[in-house]
Structures are given as structure tokens and as C-alpha cells.
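Everything on this sheet refers to the single structure shown next.
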Amino acid sequence: MASNGSSVLKMPEIKFTKLFINGAFIDSISGKKFETRDPRTGDVITEVAEGDKEDVDLAVKAAREAFDHGSWPRMSGFNRGMIMLKLADLIEQHGEELAMLDSIDSGKLVHVTKAFDIKFAADSLRYYGGAADKINGETHKCSGEFQAYTLKEPIGVVGHIIPWNFPTLFFAVKIAPTLAAGCTMIVKPAEQSPLSALYLAHLTKEAGIPDGVINVITGYGPTAGAAITSHMDVDAVSFTGSTEVGKLVMGAAAASNLKTVSLELGGKCPLIVFNDADINMSVQIAWQGGFFNKGEMCVAGSRVYVQEGIYDEFLKKLIENVKDWVIGDPFDPQVHQGPQVDKEQFEKVLRYIEAGKREGATLLTGGKAVGEKGYYIEPTIFTDVKEDLSIAKDEIFGPVICVMKFKTIEEAIEKANNTRYGLAAGILTNDLNVANRVSRSVRAGIIWVNCFFITDLNVPCGGHKMSGFGKDSGLQAMEKYLNVKSVFTPIYNSPWL
Ligand code: NAD
């Protein structure tokens with residue numbers, strides 16, 4: 001493992017730092033601002049407007065007006081789609097700036113962000129833009145002298161609350177199906193990574209999305225976020241974040257107006273490697289599954305179960321990766337792993353590593369912070385991990401994996417399911433029967449067989465158990481923002497006529 005000393009430290013120009021309400025960038029009512037920091041150094045990048053309840057009220061008012069009287073929900077789906085395609089092009093044209101903003105705000109590798117996050121964001125707008133004119137109800141036969149049909153209508157004003165690990169991507173993944181459905185919205189980015197959301201807000205205006213349709217409130221979760229989830233005039237909330245906060249979101253919705261809720265929450269995903277798996281591929285998948293995006297992945301393969309026949313060889317090959325793994329400035333294309341998002345997350349990950357050592361697991365490699373400045377942590381692998389240790393149970397959200405041994409397929413299934421989460425799981429085997437049996441037995445929303453981290457806009461993505469409910473991506477995501485209305489009419493020989 002090399003620590004990259006030659007910091008590139010490029011800094012993109014910061015153009016937007018104010019709240020975006022009703023098509024204009026404005027200060028928060030209180031005038032308050034908060035600092036957003038560069039995780040490469042811990043230094044302040046800039047100050048951003050701190051939205052609170054009164055600002056959320058203003059944003060909801062704008063979104064309500066745009067929904068109740070504006071053109072967006074009344075426009076043809078085809079025309080909404082055309083505007084969304086324009087936004088997709090703008091996101092791609094400004095991909096460099098967006099990737100740089102996500103990089104300085106959250107420590108993501110800039111070249112990966114540009115190649116993956118920005119492309120996925122633009123394609124989300126294209127996928128749902130293409131679906132915007134294909135929202136159809138059904139006709140129904142009735143047992144009496146009636147016929148019925150259903151209408152699918154936009155649900156209203158939607159609140160989107162997003163995390164910091166994929167700021168541009170989640171912004172787009174949330175707004176795209178909501179726009180296609182004809183809704184209006186308030187987006188609250190995470191306080192750690194507000195910059196790209198404000199830049200995107202400006203692009204939505206340039207694309208021609210009418211004022212009030214998209215409003216962006218930067219600020220903290222317990223204030224701005226909670227004001228959205230408890231607002232009486234917000235009709236639906238779509239939340240991506242931790243399970244802990246997901247519970248608060250659901251509670252706030254229940255205590256206010258029973259708004260619909262969808263939750264994309266945490267994970268502690270198993271990767272199960274059977275004796276017959278291609279060992280080199282398995283090692284690469286385990287490494288990337290644990291350390292891609294510095295382990296700040298809800299779908300990270302943080303529990304690696306390896307069958308006893310290949311366990312020793314697997315471990316030997318796994319640690320060979322360490323020497324080629326470069327930690328350093330995420331603007332440097334040679335680097336594989338940048339800093340954790342902030343001091344809080346950095347210290348939390350190091351605390352888990354200390355707990356793992358204290359509780360009796362064996363530290364195979366890593367375990368330390370890297371460098372004097374910034375929030376860099378070595379890729380860390382534990383073995384001899386008992387199922388009840390905190391490092392095996394909790395979502396660490398950092399570059400830490402636990403490798404554990406199993407004997408039989410039954411034991412693998414039982415261990416994989418021994419978690420309150422149910423987001424994703426990986427199965428590595430050349431035996432189709434084993435793959436099929438384990439796929440059906442593991443309680444998770446996504447199963448990867450002989451692959452990992454695969455995602456596609458046309459395939460629903462979301463968790464089971466305490467990883468949440470309601471899908472992002474796929475046409476299912478658009479359904480979250482549509483109400484079904486049933487209309488009955490009498491037919492020609494009905495006594496009602
Ligand atoms: P978090 O739950 O702390 O914060 C997420 C968002 O919720 C932020 O915008 C935050 O400001 C807001 N928030 C915090 N308290 C709130 C409150 N009381 N009311 C309303 N909003 C509030 O999560 P995080 O640390 O930003 O992100 C990491 C978590 O997100 C991990 O658990 C990860 O697994 C999860 N995640 C899940 C998915 C998925 O698709 N399932 C994807 C990415 C991240």
C-alpha cells in the first residue's frame with residue numbers, strides 16, 4: 001500500500017451557496033450559514049446557507065403553488081420528458097465541475113465520479129424522461145352495470161432527503177422519477193456535501209424546469225430535514241440514509257399528515273464465497289466490495305464468508321492486494337482510495353477498528369489512519385470474527401471488512417441472514433444449484449451472483465428488513481410518486497342511467 005504524497009489539491013470554483021427556492025438563490029431567513037469542509041485536509045471550503053423550518057415552509061409553499069397551479073403537472077408527459085432530456089445533457093456538459101464538487105465535499109475519486117456517478121445521474125433523467133409519457137392506468141370489468149378505469153396522478157409535493165456518499169447521483173436518482181410523474185419537490189442534500197445539489201439546482205433552471213418545481217434546502221437533518229418530514233403540506237418523503245434516521249422519518253410522517261414514506265437505508269451485506277468459485281475473481285470482488293468508495297457504500301460487502309476449502313488461499317491472495325492499493329488525493333487518477341467524508345465518520349470507523357481488536361478479532365491488515373492531515377484510513381481486514389462482535393453486526397460505513405469461515409451451504413445461509421439488515425448479498429460459485437438455492441434463501445433486496453455492485457436503471461433497487469422499503473430505479477420508483485384513482489361510470493343498460 002502506498003500513500004500518495006503528491007497532493008494535487010485542485011479547487012473548483014464555488015458558484016452557488018444559497019438556498020434555491022422558487023427558482024432563485026436566496027439567503028436563509030435566519031441569515032445563518034454552515035461550513036462545508038474538504039476531507040483531504042479538514043479545511044473549510046466555503047460557507048453555505050443553513051436552512052431551517054421557516055425556509056422549508058417557504059420552499060413547500062413554492063412547491064405547493066407549482067403543483068396546484070403551475071404548468072409542470074399539467075404539461076404533457078412528452079414535454080416533461082423533453083425538458084428532462086435537456087437537463088441530462090446539461091449534467092453531462094457540467095460533469096467535470098459536478099465531479100470536482102463531490103470530490104472536495106466528500107472525498108470521492110474524481111475520475112470515478114465523472115465516469116460513473118455523473119453518467120448514471122444523466123441517464124436517470126433520460127430513463128425517466130422517456131417514461132414520462134407512458135404513465136397509464138387500466139380498465140376494469142365490474143360485476144355490476146358499471147365499468148371502471150384507473151388514473152395515475154402525481155402524488156403532489158415530495159420531500160427528498162439524501163446522504164453524502166453519492167451526492168450528484170442520488171440527487172438525480174430522486175428527482176428523475178418524481179419529475180416524470182409530474183410532482184414538485186424539495187431536496188435536502190446531506191450537510192457534509194451540499195455543493196453539487198446547489199449547482200444542479202442552477203442546471204434545472206437552465207434546462208427550463210419551471211420555478212417552484214425543484215427547491216433545494218441545505219442544512220442539518222434534525223432541523224431542515226425534520227421540518228420536511230413533519231410538514232403537513234408535503235405529500236410524500238423519499239429518504240436515503242441510515243436506518244436510525246429512517247425510523248425518525250417514519251415517525252415524523254406518522255405524527256404529521258401520514259405522508260407516504262419510502263426508505264433506502266443501511267446495510268451489512270454478506271459476500272459468500274464457495275469452494276468452487278473462481279478464486280482470483282472472488283478476491284477482486286471481495287476487495288472492491290469492501291473498499292470501493294472507501295467503504296462508504298450501503299451495499300458494501302463488509303461480511304465475507306469463505307468456505308473452509310479455500311479459506312487460507314483466499315486470505316493469502318486477499319492481502320496481496322494491499323501493496324498495490326494507493327491511498328491519497330482523490331483528484332489524482334493513480335489513487336484508489338480517498339479520505340472518509342468527515343472527522344465524525346473518520347473517528348467512528350477508527351473506534352470500530354479499536355472495538356474489533358479489543359473484542360478479540362484478529363487484525364490481518366490495516367487498522368490505522370494514514371498521514372497527518374485529512375481523514376484517510378487504511379483498508380482494514382479482520383479475521384476470527386465472532387458473529388456477535390460489533391464489527392460483524394453494525395454498519396461501519398468505512399474501509400473495514402470481516403472475513404469468516406463456513407463449512408456447509410446451510411451454515412452460509414444462516415450466517416448471511418444473521419443480521420437486521422437486508423439490502424444486498426453476493427454469491428460466488430460455479431454451481432447453478434447452489435447459486436439458485438442461496439439466492440432464494442437470503443433475505444435481501446439485491447442478489448449478485450458471480451458479480452457485485454451491478455446496478456441498472458431498469459432494475460428496482462432497494463432493501464428488505466431494516467434496510468427499508470420502496471424501490472429506487474426501475475419503473476417501480478415512479479410508482480412511489482403516483483396516486484391511483486379509480487373512476488366508475490355506469491354502462492348503457494345500468495339502472496343509474
Ligand atoms: P444519515 O441518516 O445520517 O443522513 C442522511 C440524510 O438524513 C442527511 O441529509 C441528513 O441531514 C438527514 N437527516 C438526519 N437526521 C434527520 C432527521 N431527524 N430528519 C430528517 N432528516 C434527517 O445518513 P448518512 O450518514 O448521511 O449516510 C449514510 C447512511 O446512508 C448509511 O447508513 C448508508 O447505508 C445509507 N445509505 C443507504 C443507501 C441505500 O440505497 N439503501 C444508499 C446510500 C446510503
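Details
- Assessment of segment 66-74 against the conditions (among the hydroxyl-bearing types (Ser, Thr, Tyr), at pLDDT 95 or above and either surrounded by 18 or more Cβ atoms within 10 Å (Cβ to Cβ) or under 25 Å from the mean Cα position of the chain (by Cα) (or both)) yields no matching residue.
- Qualifying residues in segment 446-472 (those that are within 10 Å of the ligand (Cβ to nearest atom) and not in a loop (DSSP other than H, G, I, E, B)) - the one modelled with the lowest pLDDT: ASP472
- Residue pairs whose Cβ atoms lie under 7 Å apart, separated by 6 or more positions or on different chains, with the first residue in segment 279-308 and assigned by TED's automatic domain parsing to the domain that holds ASP329 and in contact (Cβ under 8 Å) with a residue 40 or more places away in the chain and the second of a type in the set (Ser, Thr, Tyr) and outside any helix (DSSP H, G or I), are GLY290/SER302.
- Those residues of segment 448-477 which are among the β-branched types (Val, Ile, Thr) and more than 21 Å from ARG437 (Cα to Cα), in sequence order: THR455, VAL459
- Exclusive hit being assigned to a helix (DSSP H, G or I), touching a Phe, Trp or Tyr at 6+ places or on another chain (Cβ under 7 Å) and among the acidic types (Asp, Glu), set ASP105, ASP123, ASP117: ASP117
- Every condition in (1) in contact with a strand residue (DSSP E or B) (Cβ under 7 Å, 6 or more places away or on another chain); (2) hydrophobic (A, V, I, L, M, F, W, C); (3) farther than 18 Å from LEU475 by Cα holds for VAL158 except the one numbered (3).
Okay, residues lined up against (1) of a type outside the set (A, V, I, L, M, F, W, C); (2) buried (at least 24 other Cβ atoms within 10 Å of the Cβ); (3) within 15 Å of ALA59 (Cβ to Cβ):
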| site | (1), (2), (3) |
| --- | --- |
| HIS140 | yes, no, no |
| SER143 | yes, no, no |
| GLU153 | yes, no, no |
| VAL173 | no, yes, no |
| PRO189 | yes, yes, yes |
| GLY208 | yes, no, no |
| ILE214 | no, yes, yes |
| GLY225 | yes, yes, yes |
| ILE228 | no, yes, yes |
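- Residue, nearest to the ligand (Cβ to nearest atom), within segment 327-374, restricted to residues that are among the β-branched types (Val, Ile, Thr) and over 15 Å from ASN293 (Cβ atoms): ILE353
- Candidate set from segment 473-487 (those that are crowded, with 19+ Cβ neighbours inside 10 Å and assigned to a loop (DSSP other than H, G, I, E, B)); member that is modelled with the lowest pLDDT: SER473
- Segment 222-238 residues that are within 11 Å of ILE186 (Cβ to Cβ) and aliphatic (A, V, I, L, M), paired with ones that are near the ligand (Cβ under 7 Å from one of its atoms) and part of a loop (DSSP other than H, G, I, E, B) (beta carbon under 9 Å, 6 or more apart): ALA224/GLU191
- Spans of helices (runs of 4 or more DSSP H) in segment 156-230 with at least 2 residues near the ligand (Cβ under 10 Å from one of its atoms) and touching a Lys or Arg at 6+ places or on another chain (Cβ under 8 Å): 226-229
- Any hit, segment 245-263, residues being within 7 Å of the ligand (Cβ to nearest atom) and under 19 Å from ALA176 (Cβ atoms): no
- Selection of first residues in segment 241-267 that are on the phi < 0 side of the Ramachandran plot and in the same structural domain as PRO167 (by TED's automatic domain parsing) and of second residues that are acidic (Asp, Glu) and more than 10 Å from the ligand (Cβ to nearest atom), restricted to Cβ pairs under 7 Å at least 6 apart or on distinct chains, gives the following pairs, ordered by first then second residue: LYS259/ASP235.
- The single residue among GLY328, GLY338 that is touching a Leu at 6+ places or on another chain (Cβ under 7 Å) and at pLDDT 95 or above turns out to be GLY338.
- Residue selected from segment 231-242 under the condition more than 8 Å from the ligand (Cβ to nearest atom) and within 18 Å of the chain's Cα centre (by Cα), by the criterion farthest from VAL173 (Cα to Cα): ALA236
- VAL110 being touching a Ser or Thr at 6+ places or on another chain (Cβ under 6 Å) and surrounded by 24 or more Cβ atoms within 10 Å (Cβ to Cβ): yes
- Boolean, ILE401 is under 30 Å from LYS343 (Cα atoms), within 16 Å of the ligand (Cβ to nearest atom), under 22 Å from the mean Cα position of the chain (by Cα) and of a type in the set (A, V, I, L, M): yes
Okay, residues lined up against (1) small (Gly, Ala, Ser); (2) closer than 28 Å to VAL110 by Cα; (3) assigned by TED's automatic domain parsing to the domain that holds LEU198:
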| residue | (1), (2), (3) |
| --- | --- |
| ILE14 | no, yes, no |
| GLY23 | yes, no, yes |
| LYS32 | no, no, yes |
| ARG40 | no, yes, yes |
| ILE45 | no, yes, yes |
| ALA59 | yes, no, yes |
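- SER494 falls short on exactly one of the conditions (1) farther than 23 Å from ALA236 by Cβ; (2) away from the ligand (no atom under 16 Å from the Cβ); (3) at pLDDT 95 or above; (4) out of contact with any helix residue (DSSP H, G or I) (no Cβ under 8 Å at 6 or more places or on another chain), and that condition is (3).
- Test: residue in segment 427-445 that is assigned to a strand (DSSP E or B), at pLDDT 95 or above, at negative phi and basic (Lys, Arg): no
The values are calculated or read from the model by the stated rules, or taken from the named source; none is laboratory data. Remember, it's a predicted structure, so these values are computed and weren't measured experimentally. Cβ sites come from the backbone with ideal geometry, for glycine too, and all protein chains shown count toward neighbours.
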